[in-house]
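What follows is one structure encoded as structure tokens, with my remarks underneath.
The values are calculated or read from the model by the stated rules, or taken from the named source; none is laboratory data. All figures in this text were calculated on a predicted structure; none of them were measured in a lab. Cβ: placed from backbone, ideal geometry, glycine included. Neighbour counts: every protein chain shown. Only protein heavy atoms, including side chains, enter the accessible area calculation; ligands, DNA and RNA are left aside. Shrake-Rupley method; radii C 1.70, N 1.55, O 1.52, S 1.80 Å.
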Amino acid sequence: MNKLADIFCNNKKLSWLIITFGVLLYFRGYLFNRSLWIDEARLALNIINRSFSGLLQPLDHNQGSPVAFLIVEKIIVEIFGNSEYALRLFPFICGMTSIFLFYRLSEYYIETTIIPVALALFVSSYWLTYYSSELKQYSCDVTISLLLYLMAIYVQKKLTMLRIILFGITGGIAIWFSYPSVFILAGLGISLCLLYYIKNEWLNVRKIFIAYSIWMLSFAVYYFLFIKDLSQNKYLFSFWELGFAPFPPKTVSDIKWFVKTFFYIFEYPVGLDQSGVAAFAFLVGCISMSLEKKEQFLFLVSPIPFILLASGLHKYPFFQRFLLFLVPSVLLLIAEGTKQICIKISGNSAIKIVFVGLLILPSLFSAGMRIIRPLTVEESRSAVIYIRKNWQHGDMVYLHHGSWPAFAYYSKYNHFTENDYIVGIVPEEEAFKKKYDYRKWKKYAEDLAKLRNNKRVWIVLSHIFECEKKTFLYHADNIGTRLDFFAVPGAEVYLYDLSRSESTP
């Protein structure tokens, strides 16, 4: 008991205990090896089916990822072979690295007493955990943002020409790994220039412009070679329409967008169970740090105006996973706010304990449950395996368009060829905007009617709206007899006899 008490009285030991928990949590999510879901499968098909030079071209399936991220992924697949473990290895390494980088950054931005709170929030964040084991670049975004913040601290300690050039090169490379690194660099660069300008240190301002010039050159090259085409993808920008800020805000509805978005951020991407408590602590932290630690506050919030501007210009969504790289900054401000709240209620230890407990414990408990029961999304791999085990000569597979990417990825491991399956139609775009209008799915009836006279048809449904699924199965039941059914999280398989010549009325 004494040793346990010593740990909780020693912030450094407690911090490393929390880090150990985070490492265990991230390892568990990675080793669980859940199936690739639709977005991962789309990107995986690009990585495994293209050459290195092919990855420099616009990607198929409405995908967009930083070129350097794709090249690293391709190298890993070439070395270790094509598997979920290989595809997710780089995001996993980034996620693990971020835990230690965040700890280091916390030592500079907040007091030692509150570091365990910041770390507990970081390792228990649902979305930080999730993206550390997903084939997407968002975990890399977090790592890059932390590296850039630490690099800025390193440069600021001693502003030598060598450090400035190193900062410039580091930032220039970061742009090729992470889209939002541009916002971090813009914020840090402006903040440093402003601080040195206030102190009338013009030589240092000119030095910062050297780094800025390297970043701008790198971004210009990268933009015209790669991002320009992606920025013209109408599908992606239509899909993320809700993430674009109304600019300039003109109506009450526009103001509501900013308020709603602010509170939603603490759910996604911050990923804390008690989002209301976290939002309150964040606001207190902003006020406290802006008054007492102006420099640190400026660094943490300086990227936000640039992101909002890009969002208002419909260039970058201010929404969900696109903001994952901001989570470390948000958590540091939440930790700062927690410290100030505890100071204000220092006379009542019970209230202090209740507040900190409400902030931390629900998320830690959820994180602990994820060790016991890791996250799943769409377990399409199990669905494909089930079909293979029950496959008979002459069978056919019909893929709902949402299930095709994952099936295409897993098909060759289960000895399916392109002749064994057909991909269903994609309904008109309006069908997705009006999810609950059953009439919008009428084209499914025409598509399924083409399968008549087939004795055994496997229908695979994944990444599908519930109302869409009901309508789809209604049409299938109308022209055939259901013979078998298999379901796993996020994917369902139905076996139909469609040999009847006519549908029932």
Could you please let me know if Tyr268 is assigned to a loop (DSSP other than H, G, I, E, B), surrounded by 11 or more Cβ atoms within 10 Å (Cβ to Cβ) and among the hydroxyl-bearing types (Ser, Thr, Tyr)?
yes
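Taking the conditions exactly as written (in contact with a helix residue (DSSP H, G or I) (Cβ under 8 Å, 6 or more places away or on another chain) and within 20 Å of Phe325 (Cβ to Cβ)), does Leu87 satisfy them or not? Give the steps one after another, and end with the answer.
Details: in contact with a helix residue (DSSP H, G or I) (Cβ under 8 Å, 6 or more places away or on another chain): yes; within 20 Å of Phe325 (Cβ to Cβ): no.
Against the criterion (in contact with a helix residue (DSSP H, G or I) (Cβ under 8 Å, 6 or more places away or on another chain) and within 20 Å of Phe325 (Cβ to Cβ)), Leu87 does not qualify.
Name the residues in segment 173-191 that are aliphatic (A, V, I, L, M) and open to solvent by 10 Å² or more (accessible area, probe 1.4 Å), would you? Please lay out each step first, then the result.
Of all residues in segment 173-191, those aliphatic (A, V, I, L, M) come to 173-175, 182, 184-186, 188, 190.
Selection gives Ile173, Val182, Ala186, Ile190.
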Out of Gln156, Gln232, which single residue is in a loop (DSSP other than H, G, I, E, B) and not charged (D, E, K, R)?
Gln232
Among (1) touching a Phe, Trp or Tyr at 6+ places or on another chain (Cβ under 9 Å); (2) of a type in the set (A, V, I, L, M); (3) over 23 Å from Ser380 (Cβ atoms); (4) at pLDDT 95 or above, where does Ile48 come up short?
(3)
Lone unmet requirement of (1) surrounded by fewer than 22 Cβ atoms within 10 Å (Cβ to Cβ); (2) within 25 Å of the chain's Cα centre (by Cα); (3) in contact (Cβ under 8 Å) with a residue 60 or more places away in the chain for Ser403:
(1)
Hits in segment 60-90 - residues which are over 19 Å from the mean Cα position of the chain (by Cα) and not in a helix (DSSP H, G or I)
Asp60, Gly81, Asn82, Ser83
Suppose we keep only residues that are surrounded by fewer than 20 Cβ atoms within 10 Å (Cβ to Cβ) and of a type in the set (A, V, I, L, M) within segment 46-70. Which one would you say is nearest to Val384 (Cα to Cα)?
Ile48
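Listed residues Leu203, Leu217, Leu225, Leu242; which is assigned to a helix (DSSP H, G or I), open to solvent by 80 Å² or more (accessible area, probe 1.4 Å) and under 15 Å from Phe318 (Cα atoms)? Talk me through it step by step, then tell me what you get.
Values: Leu203 fails: under 15 Å from Phe318 (Cα atoms); Leu217 fails: under 15 Å from Phe318 (Cα atoms); Leu225 fails: under 15 Å from Phe318 (Cα atoms).
None of the others qualify; the one that does is Leu242.
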Subset of segment 144-172, residues under 23 Å from Leu128 (Cα atoms) and open to solvent by 10 Å² or more (accessible area, probe 1.4 Å), comes to Ile144, Leu147, Leu150, Met151
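Can you tell me how many residues in segment 331-352 are at pLDDT 95 or above and either over 23 Å from Pro91 (Cα atoms) or surrounded by fewer than 24 Cβ atoms within 10 Å (Cβ to Cβ) (or both)? I'd like the intermediate steps shown before the answer.
Taking segment 331-352 first, the residues at pLDDT 95 or above are 331-337.
Filter again for either over 23 Å from Pro91 (Cα atoms) or surrounded by fewer than 24 Cβ atoms within 10 Å (Cβ to Cβ) (or both), leaving 333-337.
Count: 5.
Could we say that Ser191 is of a type in the set (Ser, Thr, Tyr), in contact with a Gly (Cβ under 7 Å, 6 or more places away or on another chain) and part of a helix (DSSP H, G or I) here? I'd like the intermediate steps shown before the answer.
On the way: of a type in the set (Ser, Thr, Tyr): yes; in contact with a Gly (Cβ under 7 Å, 6 or more places away or on another chain): no; part of a helix (DSSP H, G or I): yes.
Answer is no for this residue.
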Read through the list (1) crowded, with 18+ Cβ neighbours inside 10 Å; (2) outside any strand (DSSP E or B); (3) modelled with pLDDT of 90 or more, then give the number of the only condition that Lys440 fails.
(3)
